[in-house]
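Below is one structure, written out as structure tokens; comments come after it.
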Amino acid sequence: MLGAHMETTRAKAPFDQRVRRTRAAIKQSYLSLCSRKPSGQITVKEVMSLANVNRATFYAHFANLEELTAAIEVDAAEHIEARCEEEFAGKDLRSAADIACAVCAAAMGEPDELRRVVSHGSTGRGRDLLREKAWSRWSAALGGGNSEGEGAGEGEGGGASDELAFDLLFDGCLGVIAEWLDAEGRIDDEQVKATIRAAVQKLAG
């Protein structure tokens, strides 16, 4: 039985690798097309042609271009989150303002990924993931839960009104960062961080 299981596992591994490679090729083809023209003008046929996959293969991975876009945005958000964890490593960040600035610095270090999350035509999936992680950190910083967001409905920083205020702050911070992206170097990085720090300190009290 054990031998049969090991054989199945070995047989499955190349298949999983092919699936990942195919998904990656489709995503990269779409991104390549996005660099040439507006996303609204891109067709599934163009993506399939550039990725060198047939119709059945494309739809085995993605139901439509919106689902493909959402998957790319989630990848971008996860990449930013990984950068955040690196930014936090070895640092004792306790205040909401310090955490927000660390997140901001990490996100601004990945402008291409960030642009996929905050662009006007995004599906919002990547934004939602970043928002969920940010709310967990915010709640923990204000004593409303642990780092995984448990207990976010209890104590400071966890009430419905607090979460609404946080959402307004989060959207505002994303707006500031989006302006920084659009400015392409005309807005100083430290100015962005100072603006976000001031907004967080005002809300956190």
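The values are calculated or read from the model by the stated rules, or taken from the named source; none is laboratory data. All figures in this text were calculated on a predicted structure; none of them were measured in a lab. Here the Cβ is made from the backbone with ideal geometry for all residues, glycine too, and neighbour counts use every protein chain on show.
Quick notes on this structure:
- Any pair with Cβ under 6 angstrom, 6 or more apart, that starts in the stretch 171-195 at a residue that is within 24 Å of LYS133 (Cα to Cα) and ends at one that is in a loop (DSSP other than H, G, I, E, B): TRP180/ILE187
- Verdict on GLY121 being closer than 20 Å to GLY172 by Cα, of a type in the set (Gly, Ala, Ser) and under 13 Å from the mean Cα position of the chain (by Cα): no
- Which listed residue, of ILE72, ILE80, is under 15 Å from LEU174 (Cβ atoms) and surrounded by 19 or more Cβ atoms within 10 Å (Cβ to Cβ): ILE80
- Number of the condition not met by MET108 [criteria: (1) closer than 17 Å to CYS34 by Cα; (2) touching a Phe, Trp or Tyr at 6+ places or on another chain (Cβ under 8 Å)]: (1)
- If the condition is being outside any helix (DSSP H, G or I) and among the aliphatic types (A, V, I, L, M), then the stretch 186-205 contributes only ILE187.
- Test result for VAL47, outside the structural domain of THR195 (by TED's automatic domain parsing) and crowded, with 18+ Cβ neighbours inside 10 Å: yes
- The stretch 106-140: number of residues that are within 19 Å of GLU87 (Cα to Cα), buried (at least 16 other Cβ atoms within 10 Å of the Cβ) and touching a residue at least 24 places away in the same chain (Cβ under 8 Å): 14
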